[in-house]
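Every number here is computed from the coordinates shown, using simple stated rules; none is lab data. What you are looking at is a predicted structure, and each value in this text was computed from that prediction instead of being measured. Cβ: placed from backbone, ideal geometry, glycine included. Neighbour counts: every protein chain shown.
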Amino acid sequence: MSDAAVLDAWVRRLEAERVHMAPIQALRSELSGWLPLLFSADTVDHDALMRQVAFHARNLGAEGRPASAAILQIALLEDAMNEVGSMTPAQRPVLRQMLRVVADAHALGASVRQQNSHQATLTRAPIVRLPGQATVGFLVAGMQAQLIDAVLGRLLRAAAGSQEARAILDVSGAPPDDETFHRSLHGFATRPEFKGLTLDVTGLGHPAGTQDALDQLNTPRDRIRLFERLEDALGRTA
């Protein structure tokens, strides 16, 4: 069975079904590397093939491409192989494994896409300015470093451009604070560009425990104040 003949038949079918999802020449270059591994009798080659297939399918999922199209690509490969020559008994189970790998890897890519979209939405939580009091931001749903840094960064930039020298970060809608969060607060307290700001953190389940964690990091106490409720912070003067 000729690799080139199978590739031509496969790409022709991908174009006809409109599931190539990439410029044809780029796709041909990628897929041409699959076929020698598929036709090999070496299980090591088959493992290498599955890694390439997984990478391809995961990217399709991350790009928002439909799972049906990703799976159809493998089904069309089988049709192309049947057109060019008889399918060998050794190749059929490899194709079945490719289908399973595509389904699982695509689901993983789609999950990452959804998570990234969700986090991007959370980072756009509103920043509220309370004239004469503070600039308030909200951290909800997660304690991931990327999310914390994005929300805290937006809050501090907004506070730095206001007339109030106090920012309030409410975390009542987030999971319990952890080491990642503590290190982010420590980073704020030691950054010179925010030296004129005070940060109140509200919504904490155990402010004393958070303070102990910050003390272990040698976080300046005069820069950060901790509260259980947002109302408690708003009742304090800057």
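Between helix 67-84 and the chain, what is the angle of the helix's C-alpha long axis to the longest principal axis, kept within 0 to 90° and rounded to the nearest 10?
20
In degrees from 0 to 90, rounded to the nearest 10, what is the angle of the helix 3-17 Cα long axis to the longest principal axis of the chain?
Its long axis makes an angle of about 60 degrees.
What list of ³J(HN,Hα) values in whole Hz, one per residue of the stretch 207-223 in order, does the Karplus curve 6.51 cos²θ - 1.76 cosθ + 1.60 (θ = phi - 60°) give from phi, with Gly and Pro shown as x?
x, 5, x, 5, 5, 4, 5, 5, 5, 5, 8, 6, 7, x, 6, 7, 9
How much net charge surrounds Ala75 when only other residues with a Cβ under 10 Å from its Cβ are counted (Lys, Arg +1; Asp, Glu -1)? Please report the intermediate quantities before stating the final value.
Working: positive: Arg13; negative: Glu17, Glu78, Asp79.
Its environment carries a net charge of -2.
Tabulate in residue order the Karplus-calculated ³J(HN,Hα) for the stretch 99-116, using 6.51 cos²θ - 1.76 cosθ + 1.60 with θ = phi - 60°, rounded to whole Hz; enter x for Gly and Pro.
4, 5, 5, 4, 4, 5, 5, 4, 4, 5, x, 5, 5, 5, 4, 5, 5, 5
With θ taken as phi - 60° and the coefficients 6.51, -1.76 and 1.60, list the Karplus ³J(HN,Hα) couplings across the stretch 182-188 in order, rounded to whole Hz; mark glycine and proline as x.
Calculated HN-Hα couplings, in order: 4, 5, 5, 5, 4, x, 4 Hz.
Taking the alpha-carbon centroid of each part, what is the distance from the stretch 35-63 to the stretch 128-171 in angstrom?
With the stretch 35-63 and the stretch 128-171 each reduced to a Cα centre, they are spaced 45 Å.
Once you have the Cα-Cα distance between Glu228 and Ala208, take 0.36 nm times their residue separation minus that, and quote the gain in nm to one decimal. Please report the intermediate quantities before stating the final value.
Values: separation 20, 0.36 × 20 = 7.20 nm, distance 0.98 nm.
This chain segment gains 6.2 nm when fully extended.
Share of antiparallel DSSP beta bridges in the chain, in percent to the nearest 5?
20
Helix-only estimate, please: 222 nm mean residue ellipticity of the chain, summing -39500 (n - 2.57) across DSSP H runs of length 4 or more and dividing by its residues, to the nearest 500. Could the numbers behind the result be given before it?
Working: 10 runs with 141 residues, N = 238.
After summing the helix terms and dividing by the residues of the chain, the value is -19000 deg cm²/dmol.
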